[in-house]
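Below: the structure, in structure tokens.
All of the numbers you see were taken from the coordinates with simple rules; none came from a lab. Here the structure is a predicted model, which is why all the values come from computation and not from measurement. For neighbour counting, all protein chains shown are included, and Cβ atoms are generated from backbone atoms with ideal geometry for every residue, glycine included.
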Protein chains: 2
Amino acid sequence: MTTSEHLPGSSDLSAHLDRAGAEAELFELLRIPSVSADPSHVPDMARAADFLRAKLETLGFTVRVDATSHTGKGGQTVAGHPVVFAEKQVDASKPTVMIYGHYDVQPEAPLEEWVSPPFEPTVRNGRVYARGSTDDKGQAYAHVRGVELLLSQGALPVNVKFLLEGEEEVGSPSLAAYLRANVEALKADVIVISDGSRFAPDVPTVTYGLRGLSYVEIHVQGANRDLHSGSYGGAAPNPINALAEIIAKLKDDQGRVTIPGFYDGVEEITPAEREMWAKLPQDDAAFAASIDVPALPGEAGYSVLERLWARPTLDVNGIWGGYQGEGSKTVIAAKAGAKVSMRLVPGQDPERITQLITDYVPTIAPAGVKVEVKSLHGGQPIKVDADSPFVQAAGRALKRVYNRDAAFARTGGSIPIVADFRSILGAPVLLVDFGLNEDAPHSPNESFALEDYHNGILTGAYLLQELGQVGESEQ
Amino acid sequence: MTTSEHLPGSSDLSAHLDRAGAEAELFELLRIPSVSADPSHVPDMARAADFLRAKLETLGFTVRVDATSHTGKGGQTVAGHPVVFAEKQVDASKPTVMIYGHYDVQPEAPLEEWVSPPFEPTVRNGRVYARGSTDDKGQAYAHVRGVELLLSQGALPVNVKFLLEGEEEVGSPSLAAYLRANVEALKADVIVISDGSRFAPDVPTVTYGLRGLSYVEIHVQGANRDLHSGSYGGAAPNPINALAEIIAKLKDDQGRVTIPGFYDGVEEITPAEREMWAKLPQDDAAFAASIDVPALPGEAGYSVLERLWARPTLDVNGIWGGYQGEGSKTVIAAKAGAKVSMRLVPGQDPERITQLITDYVPTIAPAGVKVEVKSLHGGQPIKVDADSPFVQAAGRALKRVYNRDAAFARTGGSIPIVADFRSILGAPVLLVDFGLNEDAPHSPNESFALEDYHNGILTGAYLLQELGQVGESEQ
């Protein structure tokens, strides 16, 4: 650890870390199967929210567990998962920092691929394996423990708010309304989010750009019932073949998306960004080897990092139809479907892109089938000013933990709510991630290195110290 | 009824039909719940076999009830249901006709949908309702009564064998071994099967061709684990997109299969067949309406019937990969798979076709994924020469019953045992069906029109007369 002699109370906090306590508490949270996508887990969502409420109250926060809701497709009001909102005001002259995180997790399927049960945190080789360990319980809870660490050494250097939601993994459908209804309470000078991966194990990273998202489902209907492939094969439309044809037509042989208008307005990568990223320790061969693939296919004319961070994509996330069991069943299915998502970049609007694909798919469907495109969710792409004092403060905090310069990067993922924070709350967002891609978020055997968790706690604490030094004039 | 004055003893047999007796006896057989799939019905299987043995013995047949067995998945020997084999030799210079049928029936579930109990034959509107009434007890027993009818008027015009099995509804697992073990006893000049539906209510049909089958599974592997589509989208290979691309490439925009060599050797539809099928009362619009589709897509240049009966096809029967649950999961799956089957026509060999697709798929896979093609099963296509004296004899027999020209059709499905008869016994097969689709075989309220049953008895009798006229030289 470096010392930062210009900061009051900047002694090395790592000596005061309660590692065992921090781990035990996180594991307790990880044991709650708070899968937001699955209605059967509604009670677990409430349990997770209550766990956070209780903890933050012990730290002297004023905590609310707020019910949420959003408008469903049919115009009806749909109950959402609760938001945990906590605040601790220390000095009106100090900046207010709001930490956003989410306590919901991805579904655990496929369960059979987990080495240890997804909701029984298990430590192997210095990593805790559990659904939500890195995304986002582990990273969000590091901030809670960072605040606790600072409090154990004195007062907080800034006013702190926590906004912990339970719907991030289902697209945060209720959050925008919640923000709008609570603009005053949620007022902050800067919002900090740790919900992703740093560039590399030894490259602490501040992220200033995120891709957006348009996520749709394509439904293809053939006959009104499953048919015998002997009696009907050669005349009945096959919705699975049709779906495959539609999907294949959505990209050309250069890896470009074929939807008319898809690239309109896309912000080009600047020469400065190209140069900065080219200097990062990116090893494409090692990247390919890390996921055991012989090639990294993608849009022609762009480096791998450029494609991941600043170019839009289209991926099928799921597909189904017909007989999926053992052996052979000679059936022509009545219907088939796929989930298709597009990562978007600055200059693209999710609603417009969703409309474009909705209009386009029927035009490329083969004869005999009916198709329907259903919008599931979207998120705005985002880019923040890399020169802002908050970004620079985050860089300094990271240097104190990792003893090396932070990288300034973008990321390929989407955090739709970042755009809402920008547009509704008017606050800039800092992304300071403690995780790594190898944590396998969204996959079986998701994990989080305990060292990263503890460094996250330290980073959270130092970041609040550094942000406490940012004068009003600098903001 | 027409008269066939060139035939000795060709008086109108319908005058000698014992309708009440034929019905009473069939109903007795229908009362035995010989469900082959359900082990609790093993005693009923034995009762049904014994019923047939006793009846055929009264007709002067030498009857064997043979135990059967087959090899289970684990390599163990599994006991099968008995085969009833009967023969009546009349004149070594005459052809030998073997009639194949099955005395086992589908399970009756869902029982609550039956209007009258499935094993209590009940007549309503000229139809007998009972499980097995059309499939296949009614159709098979029509042949038994046809023989009895001929015997009541004199001697049999041919040598007759009956092969009545008890495992058709569970895939005839023991039959191939039984055929191999009894090749000599089962020797026949022609095999007659009545176990399906004729073309239309007023179209008596001789079916002389069946399609074959090659059924494979395609497995596509991308990364070694599921990936987050934000972090990896744009660089990681996507096995679902790759699978869609592979499937789309398996057919061209004319509906033709693109696998090199796929059409090599395919027997073209003859001008005579084209003309014959064009005359059938096939209504494409009604066919499309019956399955509620706006078009009947398929290979360019062929009519619907031609495509269904005499052209090979490729259909995906099932597909899977990634997230199939509710809502959106932003995942790039590690793997995807599909079941793909090809209906084959004379001139195509299932093993060769399976090899062709196995070799071809890897060549059309996009970069970054690994593919594997696994053979599930195959079946030989079958065609009897439409001009053969047997087919012509069947046509004449039908004309004597229905007083109209029979249709000579093929069918799009596959009957694996027909290929076994061909390859193991070396005998051509005639499909002369007395049933109709509306009999609802395999469904609740299965029925058989009594008129169709009696016409089946007459057809069986006339068919043996006509086959008796086929000289050795003609065969």
| remark: the protein assembly as shown: spread of alpha-carbon positions along the three principal axes, whole Å, largest first, is 120, 52, 50
| How big is Rg to Rh over the range A:257-365, alpha-carbon atoms, Rh as the Kirkwood inverse-mean-distance radius? | 1.08
| remark: Most exposed first, judged by fewest Cβ atoms within 10 angstrom, B:GLU306, A:GLU169, B:GLU113, A:GLU326 run A:GLU326, B:GLU113, B:GLU306, A:GLU169
| request: In vacuum, with every alpha carbon of chain A counted as one equal point scatterer, what does the Debye formula give for log10 I(q)/I(0) at q = 0.09, 0.10 Å⁻¹? Two decimals, please. | output: -0.64, -0.78
| message | At a 10 Å Cβ-Cβ cut-off, how would you order A:SER14, B:SER231, fewest neighbours first? | response | A:SER14, B:SER231
| Positive dipole terminus of chain B, leading residue within B:THR330, B:ALA310, B:SER341 (C-beta point charges) | B:THR330
| request: Please state the charge dipole magnitude for chain B, taken about the Cα centre, from unit charges on C-beta atoms (+1 on K and R, -1 on D and E), reported in debye and rounded to the nearest 20. | output: 880
| request: For n ≥ 4 DSSP H runs only, could you compute -39500 (n - 2.57) per run for chain B, divide by its residues and tell me the 222 nm figure to the nearest 500? | output: -9000 deg cm²/dmol
| Per-copy distances of the B:ALA54 label point, shortest first, in nm (7 angstrom along Cα→Cβ) | 7.5
| message | Charges on Cβ only, +1 for Lys and Arg, -1 for Asp and Glu, centred on the Cα centroid of the range A:198-294; of A:GLY209, A:HIS228, A:GLY261, which one is farthest towards the dipole's positive end? | response | A:HIS228
| field | Total charge dipole magnitude, the range B:406-468, about the Cα centre, Cβ charges on Lys, Arg, Asp, Glu only, Debye to nearest 20 | value | 340
| remark: The exposure ranking of A:ILE32, A:ILE417, fewest beta-carbon neighbours within 10 Å first, is A:ILE32, A:ILE417
| Percent of beta bridges antiparallel (DSSP, the protein assembly as shown, rounded to nearest 5) | 75
| remark: Per residue convex hull volume, Cα only, the range A:54-95, in Å³ is 94
| field | Cα-based helix-to-principal-axis angle, B:19-30 vs chain B, degrees rounded to 10 | value | 40
| task | Assign one of three labels to the range A:322-475, namely rounded, prolate or oblate, based on the Cα gyration tensor with a ≥ b ≥ c the square roots of its eigenvalues; rounded applies when a/c is under 1.5, prolate when it is not and a/b is larger than b/c, and oblate otherwise. | result | oblate
| field | Compactness of the range B:9-87, expressed as Rg and Dmax over alpha-carbon positions, Å | value | 16.7, 56
| request: Evaluate the charge dipole of the protein assembly as shown about its Cα centre and quote only its size in Debye, nearest 20, assuming +1 on the Cβ of each Lys and Arg and -1 on the Cβ of each Asp and Glu. | output: 340
| note | Output ordering of B:78-90, B:265-277, A:179-191 (per-residue mean of other Cβ within 10 Å, highest first) is B:78-90, A:179-191, B:265-277
| message | Need one number: % antiparallel among DSSP beta bridges in chain A, to the nearest 5. | response | 70
| Average beta-carbon neighbours from other chains, 10 Å sphere, peptide A:327-338 | 5
| request: Under 18 Å Cα to Cα from A:LYS94, which lysines show up? Leave out anything in the same chain fewer than 8 places away. | output: A:LYS161, A:LYS187
| If you take the Cα Rg of the range A:267-323 and divide it by 2.2 N^0.38 Å, with N the number of residues, what do you get? | 1.44
| remark: To the nearest 10 degrees, the tilt of helix B:389-402 (Cα long axis) against the first principal axis of the alpha carbons of chain B is 70
| field | Residue-count net charge about A:VAL220 - beta-carbon cut-off 9 Å; Lys, Arg +1, Asp, Glu -1 | value | +1
| message | Over all directions, the average projected area of the alpha-carbon convex hull for the range B:106-257 comes to how many nm²? | response | 18.6
| task | Sequence neighbours fewer than 8 away in the same chain don't count; with that in mind, list the lysines whose C-alpha is under 25 Å from B:LYS249. | result | A:LYS249, A:LYS251, A:LYS329, A:LYS335, A:LYS339, A:LYS370, B:LYS335, B:LYS339, B:LYS370, B:LYS374
| Can you give the % of DSSP beta bridges in the range A:1-156 that are antiparallel, to the nearest 5? | 90
| remark: If amide H atoms are modeled at 1.01 Å from N in the peptide plane, then the residues at a separation of 5 or more from A:GLY318, or on another chain, having amide H under 5 Å from its own are A:LYS339, B:TYR323
| request: Quick one: what are the phi-derived ³J(HN,Hα) couplings along the range B:157-167, Karplus 6.51/-1.76/1.60 with θ = phi - 60°, whole Hz, x for glycine and proline? | output: x, 9, 7, 10, 10, 10, 10, 10, 9, x, 9
| remark: Relative to chain A, whose Cα atoms define the longest principal axis, helix A:239-249 and its Cα axis are tilted in degrees, nearest 10, by 60
